[in-house]
Amino acid sequence: MEWMLEHSMLMLLIAGAFGFLMAWGVGANDVANAMGTSVGAGALTVKQAVLIAIIFEFAGAYLAGGEVTATVRKGIVDAGVFNETPHYLVYGMMAALLAAGIWLVVASWAGWPVSTTHSIVGAIVGFAAVGVGVDAVHWNEVGSIVASWVTSPLLAGFISFFLIKSVQRLVLNQDDPFQSAKRVVPFYMFLVGYVMTAVTLTKGLKHIGLDVSFAASLAWSLLGGLAVAAVGALFLRRIKQDPEADRQFRFSSVERIFAVLMIFTACAMAFAHGSNDVANAVGPLAAINSVIVNQGVIGEEAAMPSWILLVGAMGIVFGLAILGARVMATVGTKITALTPSRGFAAELGAATTVVLASGTGLPISTTHTLVGAVLGVGMARGIGSLNLRVIGTIFTSWVVTLPAGALLSILFFYFFKGLFGA
């Protein structure tokens, strides 16, 4: 520990590099949660999606990314076990960041939408269970995370299924779909504004000290819903029916109306995602910084300096810009064919699931939630509309994520012990 404190700047530089790599992986992989459906549905081009995501992901990560964070992410490890060996916590968090970052880069290169939360959780469990002791891990927390593999996709798929069914019944199956869309879509816009505001309040702005209860968040979200509906109504007035395009595809004009909705959902989800999931990268980095700054004293919470948030925000932006399109393509085009109306149902279904999870404490993965929502939309048209080979690959990558992160983390933990001293 003495050597580490004597070379604290070097340790922080190394940890900062690993944190940047992890944030790079978050940007490259998890950004599909906010942008994949919009690109796949044709509401946004890849370049437009990357530009919007860079702005709103960065804003969410830097402005609302967190002032304090639990010393050990998600409470899956007892921080007290490191009181006698605080340098083990530093080695472990460095190993976890490096392991999870490498796995996310590999997964992103392959186009697999995996959970960044599960990547870092698996890495932390790995070094703690093997390097410190099995009793150091809160296995009930790990069990609830594993259970979320099933609960979050099912819930999101169920909600999205009924949303797209309502679109079919209220709009697409009517004699005049365009006029029906003009009447119905403002209500959907209200729902989008309501849910997105709730996502932002429950998953984002709580990090900057805005203490809003779940019930109050839902109440304030009424204003967000009304505001989005009002702004959306202005856009709707400008959309005119195109008879020529409708002759080639009956719902061409209708889908242009739904494309407006997807721009709103993309911006709001990117902000909420950046504010929430940046913690997967900066949480362990904040824990390392706290141990070093406090001369080896471990607290239950770690302060979040602005430089750490900046590392996380910049990493997300670079990862998104360089490698984000691969996972976007998988979620947006390879699972099932998406149109703006289907993409809207998937994104709103996923966002609603996030809000419900925030209120009930259900642990979820945003990646699993969105993939489940896309599956729900596809099932509304029959199982034949789903690419089962791609779905099988995605499910396999989910199962592999926890052990892959754990194994790499164990290897790196012992490497750092040997390099810096036990």
Quick count over segment 178-211, residues being modelled with pLDDT under 70 and closer than 21 Å to VAL231 by Cβ, is 2
Scanning segment 376-393 for residues that are surrounded by fewer than 23 Cβ atoms within 10 Å (Cβ to Cβ), assigned to a helix (DSSP H, G or I) and of a type outside the set (S, T, N, Q) gives MET379, ILE383, GLY384, LEU388, ARG389, VAL390, ILE391, GLY392
Residue identified as more than 21 Å from PRO305 (Cα to Cα) and at pLDDT 90 or above among VAL46, VAL114, VAL77, VAL121: VAL114
Within the bounds of segment 122-129, is there any residue that is surrounded by fewer than 23 Cβ atoms within 10 Å (Cβ to Cβ), small (Gly, Ala, Ser), within 18 Å of the chain's Cα centre (by Cα) and within 24 Å of MET22 (Cα to Cα)? no
Please specify each residue of segment 283-310 satisfying the condition of being modelled with pLDDT under 80, farther than 19 Å from THR116 by Cβ, aliphatic (A, V, I, L, M) and touching a helix residue (DSSP H, G or I) at 6+ places or on another chain (Cβ under 7 Å). ILE298, ALA302, ALA303
Qualifying residue in segment 91-111 (condition: touching a residue at least 24 places away in the same chain (Cβ under 8 Å), within 18 Å of the chain's Cα centre (by Cα) and outside any helix (DSSP H, G or I)): yes
Set GLY319, GLY324: member being more than 28 Å from GLY193 (Cβ to Cβ), modelled with pLDDT of 85 or more and assigned to a helix (DSSP H, G or I): GLY319
From the options THR396, THR336, residue that is over 24 Å from GLY274 (Cβ atoms), outside any helix (DSSP H, G or I) and either without any contact (Cβ under 8 Å) to a residue 12 or more places away in the chain or among the polar types (S, T, N, Q) (or both): THR336
Taking the criterion of being in contact with a Pro (Cβ under 8 Å, 6 or more places away or on another chain) and closer than 30 Å to GLN295 by Cβ, would at least one residue in segment 18-28 satisfy it? yes
The one condition in (1) crowded, with 22+ Cβ neighbours inside 10 Å; (2) in contact with a helix residue (DSSP H, G or I) (Cβ under 6 Å, 6 or more places away or on another chain); (3) part of a helix (DSSP H, G or I) that ILE364 fails to fulfil: (3)
Only listed residue being more than 20 Å from VAL31 (Cβ to Cβ) and at pLDDT 90 or above, chosen from GLY418, GLY392, GLY372: GLY392
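The values are calculated or read from the model by the stated rules, or taken from the named source; none is laboratory data. What you see is a predicted model, and the numbers here were worked out from it, not measured in a lab. All Cβ positions, even for glycine, are placed from backbone atoms using ideal geometry, and neighbour counts span all protein chains on display.
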